[in-house]
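The values are calculated or read from the model by the stated rules, or taken from the named source; none is laboratory data. Note that the coordinates shown come from a computational prediction; the quantities given were computed from them, not determined experimentally. Because the Cβ atoms are built from the backbone with ideal geometry, glycine has one as well, and the counts that use them run over all protein chains shown.
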Amino acid sequence: MVGEAIFKDDRVLIPFKKTEVYSVERVVAWDSNELSLDGYSPEIGFIRVDLRYLQSLKIVYEKKKATAQSIGKRELFEKYAKRERNREKDFVNKLVKQVTTLLPNAVHVVEDLEKEDMVAIEEPVRR
């Protein structure tokens, strides 16, 4: 790769030194939720990845970090924060490896939600 990826409204441009042609065998659409990653491919059907491990990891380390913070142990807090990040990265890396192994030559499409459009601030009704 020559440079950084350029994100446009309707496309992503990735500059390369040489041109290679890849065959796309399937397209998988993904929807991420708090406790699962749900995919769909016309050839395969529905795919569900359980993310409860990440949620439980977050809960456990939030408690540990809160305890360390309450007793004033900054080093212990930083140790737990680093350990939490490393375990999250490890889980995500293993997940990506499994998905790319199970679905080679697939294009993965992930939803892009605009959170501003999802939340409406309502004015209080005055009487």
**OP:** Provide a single number: the residues in region 48-95 that are over 16 Å from residue 35 (Cβ atoms), within 20 Å of the chain's Cα centre (by Cα) and exposed (fewer than 15 other Cβ atoms within 10 Å of the Cβ).
**Re:** 10
Original post:
For region 1-42, which residues satisfy the criterion of being surrounded by fewer than 10 Cβ atoms within 10 Å (Cβ to Cβ), more than 30 Å from residue 57 (Cβ to Cβ) and acidic (Asp, Glu)?
Top reply: 4, 9, 10, 20
**OP:** List every residue pair whose Cβ atoms lie under 9 Å apart, where the two residues are 6 or more positions apart in sequence or sit on different chains, the first residue falls within region 1-30 and is at pLDDT below 80, and the second residue, located anywhere, is of a type in the set (S, T, N, Q).
**Re:** 22/105; 23/105; 24/105; 25/105
Original post:
Here are 53, 80, 40, 22: which of them is hydroxyl-bearing (Ser, Thr, Tyr) and assigned to a loop (DSSP other than H, G, I, E, B)?
Top reply: 22
Original post:
If you check every pair at least six apart or on different chains, which have Cβ atoms under 9 Å apart with a residue in region 68-86 that is over 23 Å from residue 53 (Cβ atoms) first and a residue that is modelled with pLDDT under 95 and among the hydroxyl-bearing types (Ser, Thr, Tyr) second?
Top reply: 73/67; 76/67
